[in-house]
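Asker: Before I ask anything, here is the structure I am working with.
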Amino acid sequence: MKTSELTGFELDLAVAKAEGEKAELNHGEVVTWKTIGYHKYRLVWRPSTDWAQAGPIIEREGISIDQRDNGSLVLACIDAPMEHEENEIWVNGPTPLIAAMRCYVSSKLGDEIEIPEQLVEGV
């Protein structure tokens, strides 16, 4: 699937993969597990809609977000990895978070990724 077309749980799964997190689909939600001390916590992972989760990624990675055409087109930009042909990666999306997370996934995993079928079955 093209990273520029990812939305919803597929985008959230891709962001988890780019972050090096093990994520799973549970009742239509992407979940990860965090261990604090001796306790393991279930975390619903929604960086494509949750600023609290996406904000640290946007800040850490230096992703720029720009809205055009009265806000109907949102662009996100990130410095490209050295092996990338261009100096910057530009990706659009219907919202700032979707554009930014697509941009992040593209910079880490490339222009196309595979979402395993077992993760999307039954959704």
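The values are calculated or read from the model by the stated rules, or taken from the named source; none is laboratory data. It should be emphasised that the depicted structure is a prediction, and the values quoted were computed from it without experimental measurement. Methodologically, a virtual Cβ is constructed for each residue, glycine included, from the backbone with ideal geometry; neighbour enumeration extends over all protein chains shown. Keep in mind that these areas ignore ligands, DNA and RNA; they rest on the heavy atoms of the full protein, side chains included. Shrake-Rupley method; radii C 1.70, N 1.55, O 1.52, S 1.80 Å.
Asker: So, with a 1.4 angstrom probe, what is the percent of accessible area on the chain that is carbon and sulfur? If you can, show how the numbers build up before the last one.
Answerer: Numbers: 3600 of 7630 Å².
Carbon and sulfur together cover 47 percent of it.
Asker: Now for a different question. Name the residues whose placed amide hydrogens come within less than 5 Å of the amide hydrogen of residue 73, ignoring near sequence neighbours (fewer than 5 apart) on the same chain.
Answerer: 68
Asker: Whole-Hz Karplus ³J(HN,Hα) for the range 18-26, in order, using 6.51 cos²θ - 1.76 cosθ + 1.60 and θ = phi - 60°, x for Gly and Pro?
Answerer: Those phi angles translate into 5, 7, x, 8, 8, 10, 9, 9, 9 Hz.
Asker: Let me ask something else. Arrange the peptides 97-104, 59-66 so that the one whose residues have, on average, the most other Cβ atoms within 10 Å appears first.
Answerer: Numbers: 97-104: 26.0, 59-66: 13.4.
My ranking of the peptides, most packed first, is 97-104, 59-66.
Asker: Name the long-range amide H neighbours of residue 45: under 5 Å, sequence gap of 5 or more, or other chain; modelled H, no Pro or chain starts.
Answerer: Placed amide hydrogens put 30, 31, 32 under 5 Å from residue 45.
Asker: Let me ask something else. Helix-derived [θ] at 222 nm for the chain: sum -39500 (n - 2.57) over DSSP H runs of at least 4, divide by residue count, nearest 500?
Answerer: Details: 4 runs with 40 residues, N = 123.
When only DSSP H runs of four or more count, the value is -9500 deg cm²/dmol.
Asker: Determine which lysines satisfy two conditions relative to residue 108: a Cα distance under 24 Å, and not lying fewer than 8 residues away in the same chain.
Answerer: Hits, sequence-local ones excluded: 2, 17, 22, 34.
Asker: Please state, as a whole number in µm²/s, the translational diffusion coefficient that the Stokes-Einstein equation yields for the chain at 25 °C and 0.890 mPa s, with Rh defined as the Kirkwood radius across alpha carbon pairs. Could the numbers behind the result be given before it?
Answerer: Values: Rh = 14.9 Å.
Here the translational diffusion coefficient equals 165 µm²/s.
Asker: Using a Förster distance of 41 angstrom, determine the FRET efficiency expected from the C-beta separation of residue 60 and residue 27, and round it to 0.05. Spell out each step's value before the answer.
Answerer: On the way: r = 30 Å, r/R0 = 0.72.
In this case the efficiency is close to 0.85.
Asker: Related question: Kindly work out what percent of the DSSP beta bridges joining two residues of the chain are antiparallel, to the nearest 5.
Answerer: Working: 21 of 21 bridges.
Bridges in the chain are about 100 percent antiparallel.
Asker: OK, next. Using only Cα atoms, find the angle between the long axis of helix 51-61 and the longest principal axis of the chain, and express it within 0 to 90 degrees, rounded to the nearest 10.
Answerer: Orientation of helix 51-61: about 60 degrees from the principal axis.
Asker: If you don't mind, there's one more thing I want to ask. Just to check I understand the Karplus step: with θ = phi - 60° and J = 6.51 cos²θ - 1.76 cosθ + 1.60, what whole-Hz values come out for the range 93-100, glycine and proline as x?
Answerer: x, x, 9, x, 5, 5, 4, 5
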